[in-house]
Amino acid sequence: MDHRIHDLLAPVPGTARQIHSFHYGPQNAGGKVYIQASLHADELPGMLVAYHLRQRLGELEAAGKLNSEIVVVPIANPAGLEQVLMDTPLGRYELESGQNFNRLFVDLSDEVATEVEPLLGQDATANVQIIRQSLGAALARQVPATQLQSQRLVLQRLACDADMVLDLHCDFEAVEHLYTTPEAWPKVEPLSRYLGCQASLLATDSGGQSFDECFTLVWWHLQQRLGERFAIPMGSFSVTLELRGQGDVNHALATRDSLAILNYLVQYGAIAGDAEPLPQALYPATPLAAVEPVATAVGGLLVFCALPGEYLEAHQLIAEIIDPVTCQVTPVFNQFAGLLYARSLRRMATAGMVIAHVAGREAYRSGYLLSP
């Protein structure tokens, strides 16, 4: 195992932070898997899963069973991890800029396309290497102006040449679910089954330039621009894993999830061995554009009437909003049928607040598809 330390740009003297990456298995072996946890720093289940993964990866490396390099970053957001205000962790947005830590990663699609166009040919394997080298060089030329930019660049540089990128997150209160692209779904479907995902949400470009899409979109844009003339495969696929809710930090669940990921890596070929038989899929993959963000029109005490994991028919009661002053009760219904896969942790709603997400089957949204 190779432990590497990556310094971030210090915002002021005396406040230097670092990202630690742990590299297992043969480097330059022709395959690379990148796994990071807690990019939203108040989402901690993935950090515990990374701990369990590292214990097992060390054993597998010692036994010579790693066919690919596997990189684990257990703390992807040291800057956000210490944002605690009056005992409340604030790890989703940087307090100085207000920016989401998982948005606005650098988009280098045009720069890479311009550079590689005269170098590409009909050899897909050679083209992948040319594109990866160009992307790595383009990222190396970036000069960050803030700590947040430097943190994003460190993560992108670590993962830009990976065949597979797994970004470990969680929701507020939720069942296990994931986000990936329609193009990657055939490869990702076994992972969804091993994890027992109750929702698998697909979008090529959900907006916001999130970490997972800052890799897949490079390859997708190259295919759109140059694919008619050159052999350009999807040289990377990414998955955001939502490991239930923020309170689901325990060894039993983390052990289960880490074993699911390891089984998937065996099935994928990154680890030698025999994978466990694939479990049955719990729910079909659906478009992210079919997800209904259920909002309340009024504020008040939020009392849920449906649980994450429940399948809801159209116009089913999800929650009641109670005005403690007037005693008025306002019911909140979903518009479309689907699986309630996530809901808010807050129990005092504000007018216009999204309180739950329901995975429907028919796309009806477009444009920016993510939460803020």
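In segment 217-235, the residues that are under 17 Å from T204 (Cα atoms) reach residues that are aromatic (F, W, Y) and assigned to a loop (DSSP other than H, G, I, E, B) with C-beta atoms within less than 9 angstrom, at least six apart or across chains, in these pairs: L222/F230.
Counting only strands (runs of 3 or more DSSP E) that sit completely within segment 1-99, those holding 2 or more residues that are under 19 Å from L241 (Cα atoms) correspond to 32-37, 69-73. Give segment 100-129 a look and list any residue that's assigned to a loop (DSSP other than H, G, I, E, B) and closer than 30 Å to V84 by Cβ, or say none. If the condition is that a residue be assigned to a loop (DSSP other than H, G, I, E, B) and closer than 30 Å to V84 by Cβ, then F101, N102, R103, L104, F105, V106 are the ones that fit.
Total residues in segment 303-326 satisfying the condition of being among the hydroxyl-bearing types (S, T, Y) and over 16 Å from A337 (Cβ atoms): the figure is 1. Taking (1) within 23 Å of R256 (Cα to Cα); (2) open to solvent by less than 40 Å² (accessible area, probe 1.4 Å) in turn, F101 satisfies each apart from (1). The set of residues in segment 73-98 that are in contact with a strand residue (DSSP E or B) (Cβ under 7 Å, 6 or more places away or on another chain) and crowded, with 22+ Cβ neighbours inside 10 Å comprises V73, A76. Among the residues of segment 43-72, those identified as among the charged types (D, E, K, R) and crowded, with 19+ Cβ neighbours inside 10 Å are E43, E69. Pairing residues of segment 305-332 that are modelled with pLDDT of 95 or more and assigned to a strand (DSSP E or B) with residues that are among the small types (G, A, S) and open to solvent by 60 Å² or more (accessible area, probe 1.4 Å), at Cβ distances under 9 Å and at least 6 apart in sequence or on separate chains, gives I321/A297; T330/A297; V332/A297. When V239 is tested against (1) more than 24 Å from the chain's Cα centre (by Cα); (2) of a type in the set (A, V, I, L, M, F, W, C); (3) under 30 Å from T88 (Cβ atoms), just one condition goes unmet, and that condition is (1). If we scan segment 342-360, do we find a residue that is free of Cβ contacts under 8 Å to residues at least 40 places away in the same chain and either under 19 Å from L202 (Cα atoms) or part of a strand (DSSP E or B) (or both)? No, every residue in segment 342-360 fails to be free of Cβ contacts under 8 Å to residues at least 40 places away in the same chain and either under 19 Å from L202 (Cα atoms) or part of a strand (DSSP E or B) (or both).
Candidates are the residues of segment 1-39 that are open to solvent by less than 10 Å² (accessible area, probe 1.4 Å) and aliphatic (A, V, I, L, M); the one that is farthest from T146 (Cα to Cα) is V33. From the set of residues in segment 307-321 that are among the small types (G, A, S) and under 17 Å from L345 (Cα atoms), which is surrounded by the most Cβ atoms within 10 Å (Cβ to Cβ)? The residue in question is A319.
Looking at segment 156-179, can you tell me whether even one residue there is of a type in the set (F, W, Y), crowded, with 23+ Cβ neighbours inside 10 Å and closer than 23 Å to P279 by Cβ? Within segment 156-179, one or more residues are of a type in the set (F, W, Y), crowded, with 23+ Cβ neighbours inside 10 Å and closer than 23 Å to P279 by Cβ. Just name the residue that is nearest to L312 (Cα to Cα) out of those in segment 248-302 that are surrounded by fewer than 16 Cβ atoms within 10 Å (Cβ to Cβ) and polar (S, T, N, Q). If we take residues in segment 248-302 being surrounded by fewer than 16 Cβ atoms within 10 Å (Cβ to Cβ) and polar (S, T, N, Q), then Q280 is nearest to L312 (Cα to Cα).
The values are calculated or read from the model by the stated rules, or taken from the named source; none is laboratory data. Since the model is a prediction, treat every value here as computed from it, not as a measurement. Positions of Cβ are backbone-derived with ideal geometry, glycine not excepted, and every protein chain shown enters the neighbour counts. Accessible surface areas use protein heavy atoms only, side chains included; no ligands, DNA or RNA. Shrake-Rupley method; radii C 1.70, N 1.55, O 1.52, S 1.80 Å.
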